[in-house]
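Below you'll find the structure, written out as structure tokens, and then a few comments.
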Amino acid sequence: MTIGILGAMREEITPLLAKLSNIEEINYAGNTYYKAELSNHNLVIAYSKIGKVNSAITASVLCEHFKIQKLIFSGVAGGIDEDLNIGDLVYATKLLQHDLDLSAFGHPYGFVPESKVFFETDSKLCEIAIKVAKNNNIDLKPAIIASGDQFIASNEKKNWIKDTFKANAIEMEGASVANVCSHFDLPLFVLRAISDSANDSADMDFDKFLETSAKVSAEFVINMIKEI
Ligand code: 3QA
């Protein structure tokens, strides 16, 4: 099977590439794609650059050009729930765009006509992840993930997102990737390790924990590929 693995930042895919050998590099449509093999699967790995538009482009290219059959997003996120600590792993059950606002027309936040607020991930991939977590004694929590083109670094904004969508974690790419995958009927799994708490120290925490948390996520994904 051909599996795509996507990160937003270079730091999110570096620990994946470090575990692979015979990597082929392909430049296409403004990004670099890395091809490698792992436990009988062909992998196509890329980072999109930050944000919903960039990640939607890269997810579309992975799907249409590289013909991937499943997509796994690996990276970091800001934690909303009090019980989420730095380094904790969450996987998305559903995702939404918190910065999409047609409320002036009476629409709920996150909604545009002919689309929907919540995009779901693939239940089979989620089940595999739960099994991998159990086998390795890892605490993996399900989460509603809110995505938007903003780095959230205030309790006020964080609490609005929490109250409006019941979201458990925040990032900037998952929901746009989930939207792409729903159009192409492509099974998606979104994994994120917490790098900060989206509060007023989020910027400092992020800089401090990006690399270690990205590695936690990447290592879980490697274990997951072996179970697919
Ligand atoms: C944002 C990265 C983007 O890809 C989303 C990290 C972790 N904590 C978050 C938070 N709010 C929103 N998203 C996140 N990723 C980091 S921008 C820093 C760039 O620095 C998830 C995420 N609180 C580059 C050096 O200047």
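Open to solvent by 20 Å² or more (accessible area, probe 1.4 Å) and under 25 Å from GLU219 (Cα atoms): does that describe LEU38? Give the steps one after another, and end with the answer.
Numbers: open to solvent by 20 Å² or more (accessible area, probe 1.4 Å): yes; under 25 Å from GLU219 (Cα atoms): yes.
In short, yes.
Taken together, ALA167, ALA175 contain a single residue that is assigned to a loop (DSSP other than H, G, I, E, B) and out of contact with any Asp or Glu (no Cβ under 7 Å at 6 or more places or on another chain), which is ALA167.
Summed over the stretch 175-186, the residues that are surrounded by fewer than 24 Cβ atoms within 10 Å (Cβ to Cβ) and out of contact with any helix residue (DSSP H, G or I) (no Cβ under 6 Å at 6 or more places or on another chain) give a count of 4. Take ILE152 and decide whether it is surrounded by 16 or more Cβ atoms within 10 Å (Cβ to Cβ), among the aliphatic types (A, V, I, L, M), within 15 Å of the ligand (Cβ to nearest atom) and within 24 Å of GLU114 (Cα to Cα). Considered against the rule, which asks whether it is surrounded by 16 or more Cβ atoms within 10 Å (Cβ to Cβ), among the aliphatic types (A, V, I, L, M), within 15 Å of the ligand (Cβ to nearest atom) and within 24 Å of GLU114 (Cα to Cα), ILE152 comes out as no.
I'd like to check something: does the stretch 54-68 contain any residue that is hydroxyl-bearing (Ser, Thr, Tyr), open to solvent by 10 Å² or more (accessible area, probe 1.4 Å) and within 14 Å of VAL177 (Cβ to Cβ)? Full working, then the answer.
Applying the first criterion (hydroxyl-bearing (Ser, Thr, Tyr)) to the stretch 54-68 yields 55, 58, 60.
Cutting the leftovers down to open to solvent by 10 Å² or more (accessible area, probe 1.4 Å) gives us 60.
From what is left, the residues that are within 14 Å of VAL177 (Cβ to Cβ) are 60.
Within the stretch 54-68, one or more residues are hydroxyl-bearing (Ser, Thr, Tyr), open to solvent by 10 Å² or more (accessible area, probe 1.4 Å) and within 14 Å of VAL177 (Cβ to Cβ).
Per this entry, ALA146 is not counted among residues that are away from the ligand (no atom under 13 Å from the Cβ), under 17 Å from the mean Cα position of the chain (by Cα) and open to solvent by less than 70 Å² (accessible area, probe 1.4 Å). Of the residues in the stretch 9-44, how many are within 16 Å of the ligand (Cβ to nearest atom) and closer than 14 Å to ILE225 by Cβ? Number satisfying all stated conditions: 3.
Of the candidates ASP196, ASP203, the single residue that is open to solvent by 40 Å² or more (accessible area, probe 1.4 Å) and of a type in the set (Asp, Glu) is ASP203.
Among the criteria (1) farther than 16 Å from PHE189 by Cα; (2) in contact with a helix residue (DSSP H, G or I) (Cβ under 6 Å, 6 or more places away or on another chain); (3) among the charged types (D, E, K, R), the one GLU12 does not fulfil is (1).
Among the residues of the stretch 190-220, those identified as within 16 Å of SER48 (Cβ to Cβ) and more than 11 Å from the ligand (Cβ to nearest atom) are VAL190, LEU191, ALA218.
Every residue, every condition in (1) closer than 18 Å to TYR47 by Cα; (2) modelled with pLDDT under 95; (3) part of a helix (DSSP H, G or I), yes or no:
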position: ALA129; (1), (2), (3): no, no, yes
position: ALA133; (1), (2), (3): no, no, yes
position: LYS158; (1), (2), (3): no, no, yes
position: ASN179; (1), (2), (3): yes, no, yes
position: ARG192; (1), (2), (3): yes, no, no
position: ASN223; (1), (2), (3): no, no, yes
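Condition check ((1) in a helix (DSSP H, G or I); (2) charged (D, E, K, R); (3) under 18 Å from PHE165 (Cα atoms)) across all residues:
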| position | (1), (2), (3) |
| --- | --- |
| ALA59 | yes, no, no |
| PHE73 | no, no, no |
| THR93 | no, no, yes |
| ASP101 | no, yes, yes |
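Here MET172 meets the list (1) within 12 Å of the ligand (Cβ to nearest atom); (2) over 12 Å from the mean Cα position of the chain (by Cα); (3) open to solvent by 10 Å² or more (accessible area, probe 1.4 Å) almost entirely, failing just condition (2). When the residues of the stretch 103-137 are filtered to those that are surrounded by fewer than 16 Cβ atoms within 10 Å (Cβ to Cβ) and among the aliphatic types (A, V, I, L, M), the one that is farthest from the ligand (Cβ to nearest atom) is ALA104.
The values are calculated or read from the model by the stated rules, or taken from the named source; none is laboratory data. Owing to the predicted nature of the structure, the values given are computational and were not obtained by experimental measurement. Note that we place each Cβ from the backbone using ideal geometry, even for glycine, and neighbour counts take in every protein chain shown. The area values use the complete protein model at the heavy-atom level, side chains included, leaving out ligands, DNA and RNA. Shrake-Rupley method; radii C 1.70, N 1.55, O 1.52, S 1.80 Å.
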